[in-house]
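The values are calculated or read from the model by the stated rules, or taken from the named source; none is laboratory data. Every value quoted in this text rests on a predicted model; they were computed, and no experiment measured them. FYI the Cβ positions are ideal-geometry reconstructions off the backbone, even for glycines, and counts take in every protein chain you see. Just so you know, the surface numbers come from the protein's heavy atoms only, side chains and all, with ligands and any DNA or RNA stripped out. Shrake-Rupley method; radii C 1.70, N 1.55, O 1.52, S 1.80 Å.
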Amino acid sequence: MERRHHVFSVDLLERYATKGRGAITCMATGNDVIVLGTSKGWVIRHDFGVGDSYDIDLSVGRPGEQSIHKVFVDPGGSHCIATVIGSSGADTYYTHAKWTKPRILSKLKGVVVNAVAWNRQHITEASTREIILGTDNGQLYEMALDVKDKMEKYIKLLFELKELSEAFTGLQMETASVHNGTKFYVMAVTPTRLYSFTGIGSLDAIFASYVDRTVHFMELPGEIPNSELHFFIQQRRAVHFAWLSGAGIYHGDLKFGAQHSSPNGDENFVENKALLDYSKFSEGVEGVKPSSLAISEFHFLLLIGNKVKVVNRISEQIVEELYFDQTPDAVSSSIIGLCSDASAGLFYAYDQNSIFQVSVSDEGHDMWKVYLDLKEYAAALSSCRDALQRDQVYLVQAEAAFVAKEFLRAASFYAKINYVLSFEEISLKFISIGEQDALRTFLLRKLDNLSKDEKCQITMISTWATELYLDKINRLLLEDDGASDSNNTEHQSLIKEFRAFLSDCKDVLDEATTMKLLESYGRVDELVFFASLKEQYEIVLHHYIQQGEAKKALQVLQKPNVPTELQYKFAPDLIMLDAYETVESWMTTKSLNPRKLIPAMMRYSSEPHAKNETHEVIKYLEYCVHRLQNEDPGVHNLLLSLYAQKEDESALLRFLECKFGKGQPGGPEFFYDPKYALRLCLKEKRMRACVHIYSMMSMHEEAVSLALQVDVELAMAEADKVEDDDDLRKKLWLMIAKHVIEQEKGTKRENIRKAIAFLKETDGLLKIEDILPFFPDFALIDDFKEAICSSLEDYNEQIEKLKQEMNDATRGADNIRNDISALAQRYTVIDRDEECGVCRRKILNVGGDYRMTTGYMAVGPMAPFYVFPCGHAFHAQCLIAHVTRCTNQAQAEYILDLQKQLTLLGSEPKNVSDGGLSEEPLASVTPMHKIRSQLDDAVASDCPFCGDLMIREISLPFILPEEAEESESWEIKPHNHPSQRSLSLAV
């Protein structure tokens, strides 16, 4: 049957590739570069990337006929090594793509190089880095060349076969970076052996270590025309190897950097080894072995005679045969060999004259079938190109599992099929054999594989799966009535699985249909579970309350997405079921409005409770009031009413004494209704509470009157609360006194003694005369003699105290008068050299410059001046000017106004006698004296250098605003002009 897809194709690339330089003896390729060696000693280089070619004659200067034995080119196409053999022996040359003249490697004189291993990871155009050369006499050499030096850096012997000295015919190298350096992996082949070397460090150190340890090799004896070693390179990394040996093709996968290793430590990079026997494709002809090999991703290309057989590496079957279009004169000569270009992904074949190109097209196209035939399903799936191919792989797996009666496994594979079989066909397969568990598994897996857009199919399949789950659960219940432990375990496991399914499908299942299904099968617990998933919390809560499971209902209410209104709706039922848990739940739930819980709390409070039982509503209300600082009057009133119903009045009193609004600006001291509280307390006969409420409402007379019915001490405490109204306080104490006197039942003298003792408790507010009217008219004064005498003595002490205070005040007034008289006679001595603190001129100088404003009394010809107790002296005019300048504007204007008034008064005509001012009575100069006194107070109340004026000057700036212009005039500014030049003047 003809294949529909041809992977490999052959085309003639170059008919006469040697240009008459002899017959082709060898060939190497890399990066679209082909290098040929000829029988006449020429190396011909074709660069198909740039369309260039040139020839190099290596036979120059060598006698006799010369032939190129082997030619090698690196994967980048830049570096080339060629060995020429003639009558004079063997020589090895190196040339670079940019050189026109090759360089002989003199250290390899006489050595026949059969193989070269290039360092693909580190080689560059300018340097070869480490490369290994394998020779005909079983030696390995290390060499490195730098193009710029145009000579080899070094050539040194690495290894030599001693046990079985065979020629090295193939050589490959790979490197991997590890944490402590570079790790080398080297593989070499002889006609019968495959050697492997590995180690970390330099190549010479690695090979030197094999002096002390055994070299690992694989021996496959047998005759072979050419023993070749090839790596398949993918993304610059070798992934497969193949050795063309006498026994067959030995191949495997390469895993560099793997952590595992064999006992000798050398085989850790080879995995999945296999040997492909030649008999599988020899077609009954014995002894026909390939003469050359090339390896692609999935195939081997084997040169047998004049054709290439393409063998699938996985199936080991021949998939194609390639024939070459040779010239009539070349038919007698066979194809010499194959070579591959890993960089370009091409393969080449050559005979003596021509080059053929083998192209690869979509090599992995049918690999999924190959893997599928071998039942390697994972590899087959990874090789599939489309959903149809994957379906065929799944179908094979599903059918195999179905035949083996592994129905659950088959269901999983069937669920992945989308095109090959329909949903209905697969479903009928399981229904026909009664495998409901497998059907359910198929539906569940199908759900996983459907896209979100297929909403209709998802809903239908989910509903069907729900019914299958319910049917299975019921069948398990009917089997042995649940008596078997294993059956019970299976039942519980299935319910757990079913609930997980409901959770996953809650958004795609139809709510009404699913609930009807659950209800019809009697699965109440699952119905509640599904209702919870769909946030139908009322159904859930009704169920739990009917079952008396308050804790579960409260757990539902604690969920974040449950509406708060349900808290209020179910609160009356829940608090009657479990008051403690309900109140605890309320206290842990945020944003609850306690006012809306009042109906539930009222219902609970209306029920009788044991004497020592904790009242849960009181606990919750206390939490609201004290912890949450609730201000709702309804909450406070309810708490107060519950306190009032308790026999112990202490809690009620503590609540009334709390000032809940304290600390809130403009807030009240309490939030309950005081009138309601008063009515409630009077009804419940909580008198102490009534007294407190009266007092709080500032109804002190009523509070004391009611307190006298309960406890005199309470009444006295209430009377003491009035502090700002002495009359009311006295009135309250009189009420208490009257009550105390009237309540005493003893003899008259005892009553009087107790009444007098009561007076002492009032701290002097009441006197004996205040309480006398409360005694009967026929009481004898002798009974009050002691108290009256005590009262009179108190009055006498007060009178004496007042007299003493009056005498002290009189003496104080006399002392002040004496001080004033002495002050008028006070003087100070001025030195004649004393200077004015402002103008620095002498105080006592005589001259016209010191003329003063009229109104000051000059002493002879001297100007008026001020002297302060601290010793500073100032001319009057200087002091006024200084204070005016340093003080604030309002004070300065006041001083100037007083000075102006003095000037006006001083300009009035006066009686002049003997050239001076006539002495006038004091009353006549009173206006001027008064103004002068005011001026003195304004400017000379304290020394400007020692008083407040100096202290205030500290905060003034050094440069005042009005001095800013002057300060700017002193600023030094640079004046740089382009036209100016700096001149240096010789000194």
Does segment 590-603 include one or more residues that are under 41 Å from the mean Cα position of the chain (by Cα), on the phi > 0 side of the Ramachandran plot and of a type in the set (Gly, Ala, Ser)?
yes
Residue check, Asn449 among the polar types (S, T, N, Q) and over 22 Å from Phe498 (Cα atoms):
no
Please go through (1) within 19 Å of Ala208 (Cβ to Cβ); (2) acidic (Asp, Glu); (3) out of contact with any helix residue (DSSP H, G or I) (no Cβ under 9 Å at 6 or more places or on another chain) for Glu166 and return the number of the only condition it doesn't satisfy.
(1)
Could you check segment 348-401 and list, in sequence order, the residues that are under 30 Å from Tyr323 (Cα atoms) and among the acidic types (Asp, Glu)?
Asp351, Asp362, Glu363, Asp366, Asp373
Kindly indicate the residue of segment 570-614 that is touching a Phe, Trp or Tyr at 6+ places or on another chain (Cβ under 9 Å) and assigned to a loop (DSSP other than H, G, I, E, B) and also most open to solvent (accessible area, probe 1.4 Å) among those meeting that condition.
Thr614
In segment 847-884, how many residues are of a type in the set (A, V, I, L, M), open to solvent by 40 Å² or more (accessible area, probe 1.4 Å) and at pLDDT 60 or above?
3
Among the residues in segment 685-694, are any modelled with pLDDT under 70, of a type in the set (Ser, Thr, Tyr) and part of a helix (DSSP H, G or I)?
no
Test: residue in segment 926-943 that is open to solvent by 90 Å² or more (accessible area, probe 1.4 Å), at pLDDT below 80 and farther than 16 Å from His872 by Cα:
no
Test for Cys624: is it farther than 30 Å from Gln558 by Cβ and modelled with pLDDT of 75 or more:
no
Which residue out of Ser532, Ser520 is at pLDDT below 85 and out of contact with any Phe, Trp or Tyr (no Cβ under 8 Å at 6 or more places or on another chain)?
Ser532
Restricting attention to segment 950-961, does a residue exist that is modelled with pLDDT of 80 or more, closer than 26 Å to His875 by Cβ, in a helix (DSSP H, G or I) and among the acidic types (Asp, Glu)?
no
